[in-house]
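Here the structure is laid out as structure tokens; the discussion comes afterwards.
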Amino acid sequence: MPSPQIRRTDTLTVTERQQVRDLQRRAAAEDGVSPLSEQTQLNLAAGPGRVRHLLAGAEGRLAGYAQLDDPEAPDASGELVVDPGSRRQGLGTALVEAVLGEAPGARLWSHGRLPAAAALAARTGLEPVRELHKMARPLTAADLDPVAVVLPEGFSARTFEPGRDEEPWLATNAAAFAHHPEQGRMTLDDLRDRMAQPWFDPAGFVIVTADGSPDEVAAFHWTKVDEEDTPGSGRAHGDEGREASHTAGRAHGGEGREASHTAGEVYVVGVHPRYQGRGLGRPLTALGLAHLASLGLGEVELYVDGDNRAAIHTYTALGFRSIMVDVMYSHAVHEPLSG
């Protein structure tokens, strides 16, 4: 069989973006989980130099797609998807090899820890180097208890104010996630991209300030609810959550299986290092959960890094359970997971 022809480009046309979205939907219907994260989907419209797109297909039909974010970076990350009707023909291997040809140290995400993805990684010499656990728990009337959301003395909460809070939030987010490979790198453009999405709601973006510093963000809890996730909407899921630190994600009911359409997300929770150890974590989490519960949602999900045992322990104590695992694969230039 001849090697698949793969075209590389730094920008996609409107038609190509739609072809990628259609390909994603076909793969998600087959696998029960979307192959492309939220950030990857936002990057479909990125300008030159931001990402590298790799497209494989013939006669106007897209059979495979891969995206490499920040291709010049030594720790560039990527994702790929192959049409269900074009699998087991070497296209996945060709896409992986093409990505590694662009960036030998690239790290590739597999959403849902699918056996086919693990087999592809093994064939191309990749090893698991990171895991993200999606965790979930029901929302109940107890989440509306006012006692649970009382902040420590000297702090107060309000909602995010567009036009005022962008830069202070970015500063706190960068400080809180200084060592995180994705979340800590968020730029003003990244934030504005998300604020422009239909799901963005300042009412679900909790800002905590310290008395005497009202323009500084001491901590925050950003929740997310897509329209299709609200009770009674009945619409199919259209995207997955990005790879955030210990938050974000999309509803899943198990490995490779989507959950109900009544779930909200703990999108990002962060505390500025200056205010860590002040007892903000539990009430900060509770403030976001109370907002989601007030909307009548039945469940809440989040992401947490597999090696963040402290966070997993905290969320487990709050009633969350692990429902799905995303796996990052790379060559041995990155340290493989142990055990």
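The values are calculated or read from the model by the stated rules, or taken from the named source; none is laboratory data. Only a predicted model underlies this, so the values are computations on that prediction, with no experimental measurement involved. Don't worry about glycine lacking a Cβ; one is built from the backbone with ideal geometry, like all the others, and counts go over all protein chains shown. Ligands, DNA and RNA are stripped out before the accessible areas are found, and what is left, the full protein with its side chains, is counted by its heavy atoms. Shrake-Rupley method; radii C 1.70, N 1.55, O 1.52, S 1.80 Å.
Quick notes
- Any hit, the range 138-160, residues being in contact with a Lys or Arg (Cβ under 8 Å, 6 or more places away or on another chain), more than 23 Å from GLY279 (Cβ to Cβ) and of a type outside the set (Ser, Thr, Tyr): no
- Evaluation of GLY277 against the conditions (1) open to solvent by 40 Å² or more (accessible area, probe 1.4 Å); (2) within 18 Å of the chain's Cα centre (by Cα) shows that the sole unmet condition is (2).
- Every residue from the range 67-97 that is under 14 Å from GLN39 (Cβ atoms), out of contact with any Leu (no Cβ under 8 Å at 6 or more places or on another chain) and buried (at least 19 other Cβ atoms within 10 Å of the Cβ): ASP69
- Selection of the range 49-69 for residues being more than 14 Å from ARG8 (Cα to Cα) and modelled with pLDDT of 85 or more yields ARG61, ALA63.
- Residue in the range 126-145 that is closer than 30 Å to ARG88 by Cβ and over 19 Å from the mean Cα position of the chain (by Cα) present: yes
- In the set GLN5, GLN18, only one residue is modelled with pLDDT of 95 or more and open to solvent by 60 Å² or more (accessible area, probe 1.4 Å); that residue is GLN18.
- For the range 58-71, a residue qualifies if it is farther than 18 Å from TRP109 by Cα and in contact with a Gly (Cβ under 9 Å, 6 or more places away or on another chain), and exactly one does: ALA63.
- Residue match in the range 216-229 (condition: farther than 30 Å from ARG26 by Cβ, out of contact with any Leu (no Cβ under 6 Å at 6 or more places or on another chain), modelled with pLDDT under 95 and open to solvent by 10 Å² or more (accessible area, probe 1.4 Å)): no
- Matching helices (runs of 4 or more DSSP H) fully within the range 98-200 where at least 2 residues are of a type outside the set (Asp, Glu) and open to solvent by 50 Å² or more (accessible area, probe 1.4 Å): 115-123
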